[in-house]
1. Take the eigenvalues of the Cα gyration tensor for the chain, scale each by 5, and report the square roots as semi-axes in whole Å, largest first.
2. Kindly give the semi-axes, whole Å and largest first, of the ellipsoid equivalent to region 94-233, taking each as the square root of 5 times a Cα gyration tensor eigenvalue.
3. Where the only charges are on Cβ atoms (+1 Lys, Arg; -1 Asp, Glu), what is the dipole of region 118-187 about its Cα centre, to the nearest 20 debye?
4. How many Å³ per residue does the convex hull of the Cα positions in region 75-153 occupy?
5. Magnitude of the Cβ-charge dipole of the chain, K/R +1 and D/E -1, about the Cα centre, nearest 20 debye?
6. Taking only the alpha-carbon positions of region 1-145 and ignoring solvent, what does the Debye formula give for the base-10 log of I(q)/I(0) at q = 0.09, 0.11, 0.12, 0.22 Å⁻¹?
7. At a 10 Å Cβ-Cβ cut-off, how would you order D125, D113, fewest neighbours first?
8. Please identify the GluC sites (Glu not before Pro) of region 90-171 that satisfy two criteria: DSSP loop assignment and at most 10 other Cβ atoms within 10 Å. Which are they?
Amino acid sequence: MPRSVWSSLTHHFSTVAARYNELRTTDPEPIELIARSLGQLPSVTAANVGCGTGRYTMELGQRLGKRLFVYFIDRSKGMLERLRLDPNLSAFGGFDVLRSRAEILPLPDATLDCMLTFHAIHHFDVTKFLQEAARTLRSGGLLYVYTRFRDQNGRLIWGQYFPGFAEKETRLFDEEQLMSALGSMRHLTVRELTHFSFRRTASLDCLLQRVRGRHYSTFCMYEADELERAIDGFTANLDERFRTREVIDWVDENVLLTVERV
Ligand SMILES: C[S@@+](CC[C@H](N)C(=O)[O-])C[C@H]1O[C@@H](n2cnc3c(N)ncnc32)[C@H](O)[C@@H]1O
């Protein structure tokens, strides 16, 4: 990623860090699946890459408790500062917070039982990241990738009704691209692709608060006046489709890829 793109994203992630957990919805379902598949291990050494405020891994900590040691890894200082304040960190057997890029992980070879990445892989250089996953996972270790594909992004409330949203978000993978990146990687094999659908409802006010809080970094790709025009367009589109501003409903879709280090 060019430095200029990362510096505007750095600013974005630092600014949004304090409110990130309240702006984003954390779904327990993928964590339940991950916790079940790791449940047999007496202890688990994990790395959460692109961890942000660590909200998903906190959920895993609630389920695996002291059996879990986590390396929290992210490029953003602001996100990691917010993470360090989280009282849920006391649930873990141990943890370390490392400011680093996903493409060069400060971890030894073949030591991890699992690596987790939530809503972040589209920010990484995927080939370098997968090489690092293959290097740091032990044989039989698992990589979990939670993300949404480009077509799923187009079906979000934003993708359908927010002018320019689906077109501007060019970073997400489509299924074929990600599968092909994984397929070309020696030592990594996809074991499972699980689809999740979540029915959501929110008021228009609540949706607009999320846009102004830039809960998706896609909203940083709008100039200030362009964003205001898009908000007007979004409001008009929702008024026409829903005829109410109180209860707007849609379905969010995500996928969880389970990949084994063979
Ligand atoms: C959309 S946020 C998701 C955060 C968290 N995983 C979650 O779901 O709440 C993406 C995160 O990836 C981090 N990130 C982006 N590019 C990165 C890179 N190359 N290496 C490490 N972290 C990166 C950002 O700083 C940000 O915290």
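1. Details: eigenvalues 201, 74, 69 Å².
Each semi-axis is the square root of five times an eigenvalue, giving 32, 19, 19 Å.
2. On the way: eigenvalues 222, 55, 41 Å².
With the √(5λ) rule applied to region 94-233, the semi-axes are 33, 17, 14 Å.
3. Values: 9 positive and 8 negative charges, 56 e Å.
Taking the Cα centre of region 118-187 as origin, the dipole is about 260 debye.
4. Considering the Cα atoms of region 75-153, their hull volume per residue is 126 Å³.
5. Numbers: 34 positive and 34 negative charges, 158 e Å.
Roughly 760 debye for the chain.
6. -0.25, -0.38, -0.45, -1.55
7. So the residues, fewest neighbours to most, are D125, D113.
8. On the way: sites: E103, E132, E167, E169; in loops: E103, E169.
Of the GluC sites (Glu not before Pro), not one in the loops of region 90-171 has a Cβ with at most 10 other Cβ atoms within 10 Å.
Throughout, read-outs are computed from the coordinates displayed, never taken from laboratory work. These numbers were taken from a predicted model, which means no experiment stands behind them. Counting neighbours? That spans all protein chains shown, and the Cβs are built from the backbone with ideal geometry, glycine included.
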